[in-house]
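What follows is a single structure, written as structure tokens, with notes after it.
The values are calculated or read from the model by the stated rules, or taken from the named source; none is laboratory data. Just so it is clear, the structure is predicted and the values come from calculations on it, not from any experiment. Here the Cβ positions follow ideal geometry from the backbone for every residue, glycine too, while neighbour counts run over all protein chains shown. Side chains are part of the model used for accessible areas, which takes the heavy atoms of the whole protein and leaves out ligands, DNA and RNA. Shrake-Rupley method; radii C 1.70, N 1.55, O 1.52, S 1.80 Å.
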Amino acid sequence: MAKLEQTLQGDFNAILSRIESGIMGGSISATLEDASDFYDGRTRCSVRVFERYSYVGGNRVSLNVTLFQGESGIIRLSAVASGGSQALFFKVNTFGERAFLDKLREIL
């Protein structure tokens, strides 16, 4: 599992749109598996779950992205990639997870 957490500034909708289009455009096998959005006054939270095929690992990896903006207006991002290992008990190949997360870093 690989994780990225950042504090961002800017327009929430623009950042979310940039993430969605960047991930989907970054790999022909990338899919948006599901999305969820919550609002409460000026507070909002958006969750996106992406998947793509990892050629190196020979399997699919997922990327879960959460954007949260509270009353202060600060945007927090948490992204977790998982599913890139083929081993039964130990993670021996996490290249696909790291590569998926690196794509998000490029977008941000």
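Within the range 3-13, does at least one residue satisfy the condition of being exposed (fewer than 12 other Cβ atoms within 10 Å of the Cβ), farther than 13 Å from Phe100 by Cβ and touching a Lys or Arg at 6+ places or on another chain (Cβ under 7 Å)?
yes
Tell me which residues, restricted to the range 18-53, are hydroxyl-bearing (Ser, Thr, Tyr), out of contact with any Asp or Glu (no Cβ under 9 Å at 6 or more places or on another chain) and over 17 Å from Val80 (Cα atoms).
Within the range 18-53, the subset hydroxyl-bearing (Ser, Thr, Tyr) is 21, 27, 29, 31, 36, 39, 43, 46, 53.
Now narrow it down to the ones that are out of contact with any Asp or Glu (no Cβ under 9 Å at 6 or more places or on another chain): 21, 27, 36, 39, 53.
Selection gives Ser21, Ser27, Tyr39.
Taking the condition without any contact (Cβ under 8 Å) to a residue 12 or more places away in the chain, under 13 Å from Leu104 (Cα atoms) and surrounded by 11 or more Cβ atoms within 10 Å (Cβ to Cβ), does Ser17 pass? If you could, list the steps in order and put the result at the bottom.
Details: without any contact (Cβ under 8 Å) to a residue 12 or more places away in the chain: yes; under 13 Å from Leu104 (Cα atoms): yes; surrounded by 11 or more Cβ atoms within 10 Å (Cβ to Cβ): yes.
Criteria met by Ser17.
Could you check, for the range 86-98, whether at least one of its residues is at pLDDT 90 or above and open to solvent by 50 Å² or more (accessible area, probe 1.4 Å)? Break it down stepwise before answering.
Here is the first cut: in the range 86-98, the residues at pLDDT 90 or above are none.
Looking for residues that are at pLDDT 90 or above and open to solvent by 50 Å² or more (accessible area, probe 1.4 Å), one finds none in the range 86-98, hence no.
Scan the range 20-38 for residues that are open to solvent by 80 Å² or more (accessible area, probe 1.4 Å) and assigned to a strand (DSSP E or B) and report the count.
Step one: filter the range 20-38 for residues open to solvent by 80 Å² or more (accessible area, probe 1.4 Å), giving 28, 33-34, 38.
Narrowing further to those that are assigned to a strand (DSSP E or B): 33-34, 38.
Going through the range 20-38 one residue at a time, the tally reaches 3.
State yes or no: is Gln69 in contact (Cβ under 8 Å) with a residue 24 or more places away in the chain and farther than 18 Å from Arg105 by Cβ?
Working: in contact (Cβ under 8 Å) with a residue 24 or more places away in the chain: yes; farther than 18 Å from Arg105 by Cβ: yes.
Yes: the conditions hold for Gln69.
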